[in-house]
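Bear in mind that the values in this text are calculations on the coordinates, not laboratory data. For clarity, every value in this text was computed on a predicted model and none was experimentally measured. Reconstructed Cβ throughout: ideal geometry from the backbone, glycine too, with neighbour counts over all protein chains shown.
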Amino acid sequence: MREKAEGVIRRIEDYRARGPLMDGVTLRANVSTIRSVAGEPVMAESLPWLDPSNRDDRLSHHFGIVRSHPRRAVTIVTRDISLQDKADFASLPFVEPPEP
């Protein structure tokens, strides 16, 4: 687990070396960008079955990101099977990252 975490940290550091993640960093020209987004979900504008006290249910922040960028593909990246299930139930796109 530690090796995987260190691999992810190295990858994020590589992305940061390309530029500020909050501004977006190109992964593949004209194909994909990674952007770091900080924020809190607005549970009142989310799905009624999401529980604000459940960390996985905070995926509702995804809705706000989609609303802010309506013409962009916004995808959740997670290995967490519970979060993947909830994203699937909410019809939100997700991918599992490759092994580091």
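Could you work out the helix-only [θ] at 222 nm for the chain, with each DSSP H run of four or more residues adding -39,500 (n - 2.57) and the total divided by the number of residues, to the nearest 500 deg cm²/dmol? Write down the numbers at each step before the final one.
Values: 3 runs with 34 residues, N = 100.
Helix contribution divided over all residues of the chain: -10500 deg cm²/dmol.
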**Request:** Can you tell me which of 35-45, 51-61 comes out highest on packing, and rank the rest after it, using the mean Cβ neighbours within 10 Å?
**Result:** 51-61, 35-45
**Complete:** Whole-percent tail of the Cα-Cα distance distribution for the chain, cut at 19 Å, equals 51
